[in-house]
Amino acid sequence: MHTPNRDLLKTLSFAALHFCVAFTVAYVLTGSVTVATGIGLIEPLANTVAFYFHERAWRRVDGRGAPRKNGPGMYCAVFKAG
């Protein structure tokens, strides 16, 4: 089930992973722990905020096309094996 809490937990795990990747790439490219930490914090933070809203937007898009179960006008047909 998709909930705002699940989205937040998923976002936080993504942020941790993204920080590690950004720090590692920045450190390899610059050789500086200070620069790598700055890049590793700023870029993933901005990207994580964008990711959270991206996930919420897609959840809305996914919900629009899904058929409703037991909604108005829906019925259940029962077939008798014969």
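Points to keep in mind about this one:
- Being at pLDDT below 85 and of a type outside the set (Asp, Glu) holds for only one residue in HIS2, HIS18, and it is HIS2.
- Check on ASN47, in a helix (DSSP H, G or I), modelled with pLDDT under 90 and among the polar types (S, T, N, Q): yes
- ARG64 modelled with pLDDT under 90 and charged (D, E, K, R): yes
- If you go through region 1-40 and keep only what is under 29 Å from ARG60 (Cα atoms), open to solvent by 90 Å² or more (accessible area, probe 1.4 Å) and assigned to a helix (DSSP H, G or I), you end up with ASN5, ARG6, LEU9, LEU12, LEU17.
The values are calculated or read from the model by the stated rules, or taken from the named source; none is laboratory data. Note that the coordinates shown come from a computational prediction; the quantities given were computed from them, not determined experimentally. Surface accessibility is based on the protein's heavy atoms, side chains included, excluding ligands, DNA and RNA. Shrake-Rupley method; radii C 1.70, N 1.55, O 1.52, S 1.80 Å.
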